[in-house]
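Below is one structure; the comments refer to it alone.
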Amino acid sequence: MQCNDCHNPHGTGTVRQLRTMPSGDAICYKCHVDKQGPFVYEHVPVKTEGCTSCHSPHGSTNPRLLNVMPVNMLCLQCHTFSTQLTAGGPSGPAHNQSAKYQACTMCHTQIHGSNFSTVFFK
Amino acid sequence: MEPPTKLALSLQPMLLERSAPARACPERSRRARAERSSAVASGPGKRRTATAIAVLMWAAMIASSANTLFAQAPTASPPPAPTASPTAAPPAEPDGMTRGGYQIHSSVELGYRSNDVTGSEDMYDTLVNLQTGPRILDQTLTMQSVDHQGLLFDNLYLNSAGWGGDPNNYMRLRADKDKWYNLQGSFRRDQSFFDYDLLANPLNPSSSTPSIPTLSSPHLFDTTRRMTDVDLTLLPQSVVSFRLGYSHNNMTGPSYSSIHEGTEGSLLQNWNTTINSYRMGVDFRIAPRTVFSYDQFLDYYKGDTDYQLHPINQALLPTTPAGSVSLGLSIDTVNKVPCAVPTGQSSLIVSGTLTNVTCSAYSSYLRNQRIRTSTPTERISLRSNYFKMLEILGSFSYSSATSSTPLDESFRGLLSRSNTLAFTGTGTAAANRISDVVDLEATLHLTQHLRLIEKFYFWAYRIPQNGNFNELDYSCAVPPCTLLSAALTTPTIPGGTPSITQSSFDQTWTRNQTELAWDFSKKAGVRIGYRYGDRDFNHFLDYLPGDVDHFVGLEKTALFGLWARPIHALRLNFDLEHTNFNGVFVRLSPRKEARYRFQTTYAQRSWATLGGSINILQRSNADAQTQYLGHNQNYGLTASLAPRERFGMDLAYNFNSVIQNALICFNDTPPTGVILPFVMNANNNNCAGNDTANNLMANSYYTNHTNFGMATVRFKPAKRVMANVGYSITSVDGSVPQFNSLQPLGSLQYKYQQPVANLSVDIGHKWAYNMGWNYYQYGEGSFVGPTAPRYFHANSLAESLRYSF
């Protein structure tokens with residue numbers, strides 16, 4: 001990949017001169033086409049906050065360019081009760097983290113959005 | 001957290017940036033690898049041709065190798081470190097030839113790559129994935145019309161590389177005919193293999209009976225992405241010009257995932273997604289230096305990936321004839337996953353037969369979908385510098401995506417909790433996305449050295465969603481059911497269990513940025529600015545009164561930049577952004593964010609260039625229940641020295657520090673006798689009042705310190721010989737809480753070393769001989785965990801002959 005695959009050096013109103021799809025969606029979807037949706041059950045922050053909420057597009061030492069490993073901690077940092085979220089915070093998972101849940105995505109496989117499952121199982 | 005842009009860090013090995021050739025499953029991988037390595041391309045005829053070429057090449061190499069001192073390493077993979085290219089030191093540019101009115105230059109480089117891997121081949125394929133076999137390493141053709149009177153084109157450029165088995169191949173084409181047309185095309189083929197076995201691994205404990213560690217990542221994939229882009233501009237210099245474009249992106253190959261139905265079943269899906277994009281546009285030059293454009297886009301996406309059971313961890317049922325079930329990925333009988341060992345039995349599986357038939361297990365699972373998404377988009381745009389003092393760039397686009405897919409799902413086995421022996425799921429999913437985008441930028445040159453830059457961006461979208469599904473469940477005559485029970489032919493609930501979803505969410509996002517830039521001398525300039533942002537979000541959960549999530553967020557950012565060139569040899573750039581948000585939409589969004597960027601280059605001598613960079617991103621949210629603190633700091637130094645024509649060297653060092661800390665509420669009950677300091681020290685009072693299921697609260701911490709160093713030396717021991725030697729190392733040291741005693745640090749603590757050497761010999765008569773050697777060694781500092789070791793080291797040797805005219 002090259003810098004100008006994602007950044008437009010010739011000018012745009014977007015912050016950091018990021019390219020976008022013609023629809024305004026993140027340029028990441030040009031390659032990762034299956035993540036764009038629209039889905040019946042959207043993981044809303046994927047659309048509102050963008051891919052960089054969880055991934056480091058410039059590189060990471062973590063698999064899947066994740067910001068944080070292990071996966072369950074990345075999820076828990078958002079999926080924890082908070083009273084400050086005016087739009088309603090996500091509920092925390094009631095799983096025993098010491099058991100088999102090192103990667104929430106082992107069950108919540110369709111974490112970018114699902115057409116069939118409210119909890120992104122399928 | 002978004003990291004700052006960093007040049008040197010991009011050279012580091014990133015676990016996801018490697019790709020690998022096709023493999024249907026771990027068991028078949030070796031065979032597939034062997035097949036790949038022997039094939040130049042698909043089809044027996046091409047393989048025979050490749051073999052013949054390889055034999056000829058090899059004979060030529062052996063004949064010429066008596067003149068070489070040592071081997072050299074080319075690599076066609078994305079260069080993670082100093083990698084030697086076979087074309088690093090080609091012979092002097094030949095004169096080419098003139099034919100049919102064209103000046104023609106051409107080259108082709110054919111070679112053979114051989115590898116040996118010790119340790120984890122899966123990890124090698126994940127990170128490196130260069131395989132053994134003959135290669136067309138590079139090919140270039142340039143044709144230029146001598147008098148600009150070519151029949152079909154005036155200029156033609158064609159280049160391709162990596163064919164024959166390397167994971168990344170490409171071909172690029174450019175052609176133009178003066179005022180008539182301009183054509184650009186490219187084809188890229190990327191094979192991606194991923195088996196970092198800690199990802200999604202259930203970490204099955206050894207205390208389980210049986211003990212079955214998961215040795216490959218349950219989310220392994222081995223896919224190939226083929227991307228084609230073609231753009232044609234007709235009459236590019238006319239008052240009215242036309243643009244046509246087409247892109248094709250297809251990804252196929254086997255991959256694995258999982259499904260939770262009672263226990264975690266392993267699924268195999270043959271990935272198959274395609275998007276075809278069509279573009280048409282017309283440019284009107286309505287005034288001098290002013291172009292008005294209209295574009296029509298159509299994206300058509302097809303998602304035809306099907307999911308089926310991958311029968312992992314199978315056991316026979318005690319029946320005659322014996323059937324079999326898959327117990328899924330998680331095997332922990334002590335914690336009754338998928339079930340406990342019955343009293344009187346030594347194991348859940350004895351002589352291959354299941355001893356507890358009340359287990360949740362899978363006999364079959366199938367899910368089919370046919371996603372079809374159509375996205376037409378229209379855009380009008382204007383770019384102009386008609387007025388000498390004003391530059392304008394603006395566009396408006398409207399897009400409306402429509403997506404739908406049927407659901408066809410079936411399961412057989414046992415869901416012990418609900419006494420379900422089978423279920424089927426049917427229905428239809430449909431969603432839309434309607435969006436408007438306004439993108440404006442204007443630059444007003446107030447004086448020769450003072451300019452005002454205004455940027456405005458507006459993006460509004462809404463996504464209405466509709467799902468209409470029905471599930472038919474089948475139980476046994478007399479619950480509780482077992483795996484030996486017969487399923488009733490009538491569903492548990494006549495007519496099934498319907499589920500209907502009607503929801504929607506929308507967001508309107510407006511940003512405006514104003515900057516004043518002043519170049520107050522030829523040696524320095526400054527800019528100051530301000531950015532204002534406004535987000536308005538609504539989520540209609542079910543269209544019932546009062547059940548709407550609403551969020552309004554404001555962003556205020558101060559901008560400052562400075563550039564200086566105090567002496568001719570020294571350049572300095574500095575930027576900062578300070579942002580405050582009045583609210584956050586998700587917990588890890590910052591209330592305060594600061595970015596600092598500094599870059600400098602110093603070239604006092606023509607043969608020496610020194611560089612340095614600092615990129616700092618800091619984010620925080622001081623809310624008492626969040627206490628989010630994160631940063632990404634990157635510091636880099638580079639030096640490029642070439643004191644003599646026959647000697648030069650490059651040096652680079654980079655340090656990257658990432659932290660991401662926040663309070664979390666969680667639930668963790670370690671096994672008896674296991675002490676986890678993070679869990680033991682967690683506060684069990686703060687969360688309990690608000691989240692009884694997750695009563696523990698602690699400050700979750702993530703730290704990642706990455707050091708990267710690289711050095712290469714170039715030298716020319718003889719007139720026709722060029723050599724490189726180099727070495728790079730990436731050393732990562734990090735820490736995270738340990739939720740599970742079996743959880744290693746994995747990629748948070750490793751060293752990755754890559755020595756490299758190459759040699760290029762100008763044989764004469766338009767021939768060059770290249771040899772390259774790369775060495776890769778990956779080793780983690782933490783314990784392995786209950787999975788396959790990830791350590792590997794590997795040699796990759798490539799030899800090639802290049803012919804150019």
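The values are calculated or read from the model by the stated rules, or taken from the named source; none is laboratory data. Here the structure is a predicted model, which is why all the values come from computation and not from measurement. Reconstructed Cβ throughout: ideal geometry from the backbone, glycine too, with neighbour counts over all protein chains shown. Note: accessible area is taken over every heavy atom of the protein model, side chains too, but ligands, DNA and RNA are not part of it. Shrake-Rupley method; radii C 1.70, N 1.55, O 1.52, S 1.80 Å.
Would you please put B:722-733, B:288-299 in order of how densely packed they are, using the mean number of other Cβ atoms within 10 angstrom per residue and starting with the highest?
Highest to lowest by the protection proxy: B:722-733, B:288-299.
Once you've got the GNM for chain A with C-alpha springs shorter than 10 Å, pick whichever of A:79, A:55, A:95 has the biggest mean-square fluctuation.
Most flexible of the set in this elastic network: A:95.
Interface size between chain B and chain A, please: total buried accessible area, 1.4 Å probe, rounded to the nearest 100 Å².
Buried surface at the B/A interface: approximately 8700 Å².
Report the gain in length on full extension from residue B:707 to residue B:582: 0.36 nm times residue separation, minus Cα-Cα distance, nm rounded to one decimal.
On the way: separation 125, 0.36 × 125 = 45.00 nm, distance 3.62 nm.
That works out to 41.4 nm of additional length.
Within segment B:294-320, whose backbone N sits under 12 Å from a point 7 Å along Cα→Cβ of residue B:278?
B:296-300, by backbone N distance to the label point.
Under a plain spin-label model, where a point goes 7 Å from the Cα along Cα-to-Cβ, how far apart in nm are residue B:600 and residue B:226?
5.2
When the accessible area of chain A is split by element with a 1.4 Å probe, what percent falls to carbon and sulfur? Intermediate values should be presented prior to the final figure.
Numbers: 2690 of 4410 Å².
About 61 percent, which is the carbon plus sulfur part of the accessible surface.
Within segment B:703-733, name every residue whose backbone N is under 17 Å away from a label modeled 7 Å from Cα of residue B:646 along the Cβ vector.
Taking a point 7 Å out along Cα→Cβ of residue B:646, the residues of segment B:703-733 whose backbone N falls under 17 Å are B:713-725.
Assign one of three labels to segment B:614-770, namely rounded, prolate or oblate, based on the Cα gyration tensor with a ≥ b ≥ c the square roots of its eigenvalues; rounded applies when a/c is under 1.5, prolate when it is not and a/b is larger than b/c, and oblate otherwise.
prolate
Within straight cross-link reach of residue A:122, meaning Cα distance under 22 Å, which lysines are found once same-chain residues fewer than 8 apart are removed?
A:35, A:47, A:100, B:302
For the charge dipole of chain B, defined by +1 on Lys and Arg C-beta atoms and -1 on Asp and Glu C-beta atoms about the Cα centroid, which residue among B:480, B:674, B:692 has the Cα displaced farthest towards the positive pole?
So the residue furthest toward the plus end is B:674.
Taking the Cα of residue A:96, stepping 7 Å toward and past its beta carbon, and measuring to each backbone N in segment B:678-698: which are under 17 Å?
Counting only backbone N, you get B:679-680, B:693-696.
Please give the average number of partner chain Cβ atoms lying within 10 Å of the Cβ of each residue in B:196-204, rounded to a whole number.
Shielding by partners across B:196-204 averages 5.
Would you work out the relative contact order for segment B:379-501, in percent, from Cα pairs under 8 angstrom that are 6 or more residues apart?
Values: 280 pairs, mean separation 29.9, N = 123.
Relative contact order for segment B:379-501 comes out at 24 percent.
FRET efficiency for residue B:418 and residue A:1, Cβ-Cβ distance as r, R0 = 51 Å, nearest 0.05?
Computed FRET efficiency for residue B:418 and residue A:1 comes out at 0.65.
For residue B:149 and residue B:466, compute 0.36 nm times the residue count separating them, minus their Cα-Cα distance, and round to one decimal in nm.
Gain on extension, residue B:149 to residue B:466, equals 108.2 nm.
Taking all pairs of different Cα atoms in the protein assembly as shown, averaging 1/r and flipping that mean, what Kirkwood radius in angstroms comes out?
30.7
Which loop chymotrypsin sites (Phe, Trp or Tyr not before Pro) in segment B:509-598, with loop taken from DSSP, have no more than 14 other Cβ atoms within 10 angstrom of their Cβ?
Sparse-neighbourhood loop chymotrypsin sites (Phe, Trp or Tyr not before Pro): B:543.
For segment B:665-738 and segment B:213-285, what is the separation of their C-alpha centers, rounded to whole Å?
32
Using a 1.4 Å probe, what is the accessible area per residue for chain B, in Å²? Mind showing how you got there, number by number?
Values: 36080 Å² over 805 residues.
Result: 45 Å² per residue.
Before anything else, pin down the relative contact order of segment B:661-805: Cα pairs under 8 Å, at least 6 apart, normalised by residue count, whole percent.
Computed over segment B:661-805, the figure is 17 percent.
Suppose R0 equals 25 Å; then what is the FRET efficiency for residue B:410 and residue A:49 from their Cβ-Cβ distance, rounded to the nearest 0.05?
FRET efficiency, residue B:410 to residue A:49: 0.10.
As I understand it, the value is the acute angle between the Cα axis of helix B:44-64 and the longest principal axis of the Cα atoms of chain B; what does it come to in degrees, rounded to 10?
For helix B:44-64, the angle is close to 50 degrees.
Treat each spin label as a single point 7 Å out from the Cα along the C-beta direction, and report the residue B:289 to residue B:387 distance in nm.
For residue B:289 paired with residue B:387, the spin-label model returns 1.3 nm.
Using R₀ = 35 Å, calculate the FRET efficiency as 1/(1 + (r/R₀)^6) where r is the Cβ-Cβ separation of residue B:683 and residue B:733; round to 0.05.
The calculated FRET efficiency here is 0.80.
Which trypsin sites (Lys or Arg not before Pro) in segment B:655-727 pass both tests, a DSSP loop state and at most 10 other beta-carbon atoms within 10 Å?
B:719
When only C-alpha pairs under 8 Å and at least 6 residues apart count, what is the relative contact order of segment A:33-85, in percent?
Reported relative contact order: 18 percent.
Ordering B:279, B:644, B:571 from largest to smallest accessible area (1.4 angstrom probe), what's the sequence?
B:644, B:571, B:279
Starting from 0.36 nm per residue, how many nanometres of slack lie between residue B:639 and residue B:567 once their C-alpha separation is accounted for?
Contour length minus Cα-Cα distance gives 24.0 nm.
Between residue B:178 and residue B:454, how many nm apart are label points set 7 Å from Cα along the C-beta direction?
4.3
Which three numbers, in whole Å and largest first, are the semi-axes of the equivalent ellipsoid of segment B:723-783 derived from its Cα gyration tensor as √(5λ)?
Value: 42, 9, 7 Å, ordered largest first.
What do you get for Rg/Rh of segment B:556-683 when both radii come from the Cα atoms and Rh is the Kirkwood radius?
1.20
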